[in-house]
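These notes are about the structure you will find just below.
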């Protein structure tokens, strides 16, 4: 089963990556910790120490426009925070 990994690149996650060697990914809701660990190790060639997952709930969004109020919801998604072995690193900016 191929797990779709999308890195979450924010200021908070950059700080966690520098200090604690943790990186966040947006993954499929059906993926478990073992599958996430295997796919991160395979794709990035690093050693994963631990995986923490959480399901982020959807949020109500409202936008005010000339034609009126447009309201909707964002999608809920599963977030995986991966802790790497000391000395390993993932560089998301190398392909830019």
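What follows draws every value from the coordinates through simple rules; no lab data is involved. Not measured: the values here are computed from a predicted model. Neighbour counts are summed over all protein chains in view; Cβ atoms, including those assigned to glycine, are modelled from backbone coordinates with ideal geometry.
Descriptive notes on the structure:
- Directionally averaged projected area (the chain, Cα convex hull): 8.2 nm².
- According to the calculation over all Cα-Cα pairs in the range 1-57, the P(r) per 5 Å bin from zero is 4, 17, 30, 28, 16, 4, 0 %.
- Tilt relative to the chain, helix 11-20 - C-alpha long axis, 0 to 90 degrees, to 10: 20 degrees
- Think of it as helices only: each DSSP H run of n ≥ 4 in the chain is worth -39500 (n - 2.57), and spread over all residues that comes to -7000 deg cm²/dmol at 222 nm.
- Helix 33-44 and the long axis of the chain differ in direction by around 70°, with both axes built from C-alpha atoms.
- Ordering of 66-74, 78-86, 46-54, 12-20 by burial proxy (mean other Cβ atoms within 10 Å per residue, highest first): 78-86, 46-54, 12-20, 66-74
- Averaged over residues, the count of other Cβ atoms within 10 Å places the peptides 21-28, 87-94 in the sequence 21-28, 87-94, highest first.
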